[in-house]
2 protein chains.
Amino acid sequence: MTSPPAPTPTHRARGDSRDALLTAARELIVGRSYSAVGIAEICAHAGVRKGSLYHFFPGKEALTLAMLDALYADFEREVLIPGLAGANGLHARIEAFVHAIHAFEARMQAESGQLPGCPFGNLAVEMGTHNPTLRRAIRGHLDAVTAHFRSVLDEAVQDGELPGDTNTEALAEQWLALMEGILVMAKADQDPATVLRLGPALVTLLTHSPPEVPHER
Amino acid sequence: MTSPPAPTPTHRARGDSRDALLTAARELIVGRSYSAVGIAEICAHAGVRKGSLYHFFPGKEALTLAMLDALYADFEREVLIPGLAGANGLHARIEAFVHAIHAFEARMQAESGQLPGCPFGNLAVEMGTHNPTLRRAIRGHLDAVTAHFRSVLDEAVQDGELPGDTNTEALAEQWLALMEGILVMAKADQDPATVLRLGPALVTLLTHSPPEVPHER
DNA sequence: CTTGCACTGTACCGACCGGTCAACTAGTGT
DNA sequence: ACACTAGTTGACCGGTCGGTACAGTGCAAG
């Protein structure tokens, strides 16, 4: 423990260039988009030269992939878990979640002047048609979000707030779809109030889950 | 009628270059995205030289604006009106609309190999944060779609299918948001079946409109 | 002290971006 | 026959894109 405070075998001259690149890529790509942000701008924002970027990552796509992993981890820890587990009852949890998203969008707009919408949904739309690697990675993160939604719904079923035969898997996916749509609209408006205005739709969708018509086949 | 079939006063040597440019821009930009398609590619696809493009349009943005106007007009005539007015009853109309959207996405994927999602939603997401002109134009088209949804809901209220105090304006906006979200998910999946899988959420949302809780204030 | 190696800095690449320009072509009105 | 002009053409512009090549640079182990 008296040795220098570097647990890793590398020397790491000064500040971690890799982390700086990931942070810069996150701020810029989330604030704008994948194709609107160039390698040069990411490097400048991170205070790192291009050669270092290509030492740590094979290219822009790999950097973005790593950035998305870190972004999802933070989103899960800072928004998903506290926003969903904080309140009691399904209705209250939905409202808490909507307000957490609203707060995030409003803060981003205050900081950068732009309302970004959902970073994962944005990338899914942007790269869905011409970058299968990124598309699949994003799809995986969206699935992880759906799993969190589902556990909330399962709890609501156990507490008797939803019918026992509720298809929580399907409903969780619908929840995510509506959330993504709300954020598309908010981005089109560039107004965080749109999140609050459309939020009640989530309550309608989630508390009236199976349309009384049994699934005809 | 023995004169050449050109009713307009201009000479128009051969095929309309302007229309060819609009068609090419539509096919390419809808199939991929604004920034992924270049001027050169649009011109090549239209069989027109770059100089002609800049004769008819001041630039890429103006071309896209005109393309979006034509695209919305066609969408309204070919999908929105027949898809919504074809059936009787709200439930049937929703299902007909979902199937119309599914058919469009499946056809696009069969033709171009890519499932595009909603062209307007895509552009809203792509340009929302850094092209206010395009953003506002798209927002206008989305409003026009909402107006169509609302008239369907108003009819349902008049027919007694929805409560008389239904806020059809708010509900129409929620309808659009959910539809956009469904198309984001379908694009992330690159699978038109996602439209059908999530379609029932529209029925839930639209036939249970105001959560029985009166709007607390 | 010397060697090895992770990391950095800079110059450079070909391709492509949106956009400009002047010269040309071909119908139209007089 | 003439001039006018809408439309067309292809060469060209500066700038930026993602990515590459390679010579340093400084730390750590031998």
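Checking each residue in segment B:70-84 for being more than 10 Å from the chain's Cα centre (by Cα) and not aliphatic (A, V, I, L, M) picks out B:Arg77, B:Glu78, B:Pro82, B:Gly83. Reported count of residues in segment B:20-53, each being away from DNA strand C (no atom under 11 Å from the Cβ) and of a type outside the set (A, V, I, L, M), is 6.
When segment B:73-98 is limited to residues that are within 14 Å of chain A (Cβ to nearest Cβ) and touching a Leu at 6+ places or on another chain (Cβ under 9 Å), the one that is surrounded by the most Cβ atoms within 10 Å (Cβ to Cβ) turns out to be B:Ile94. Give the residues of segment A:56-72 that are closer than 16 Å to A:Leu28 by Cβ, more than 16 Å from DNA strand D (Cβ to nearest atom) and open to solvent by 30 Å² or more (accessible area, probe 1.4 Å), sorted by residue number. A:Ala70, the sole residue that qualifies.
All told, A:Thr23 meets the bar of being modelled with pLDDT of 95 or more and away from DNA strand D (no atom under 16 Å from the Cβ).
In segment A:36-48, the qualifying residues are those that are within 14 Å of another protein chain (Cβ to nearest Cβ) and surrounded by 16 or more Cβ atoms within 10 Å (Cβ to Cβ), and the one that is nearest to DNA strand D (Cβ to nearest atom) is A:Val37.
The values are calculated or read from the model by the stated rules, or taken from the named source; none is laboratory data. On a predicted model such as this, the values are computed, not experimentally measured, just so you know. Note: ideal-geometry Cβ built from the backbone for every residue, glycine included; neighbour counts use all protein chains shown. Note: accessible area is taken over every heavy atom of the protein model, side chains too, but ligands, DNA and RNA are not part of it. Shrake-Rupley method; radii C 1.70, N 1.55, O 1.52, S 1.80 Å.
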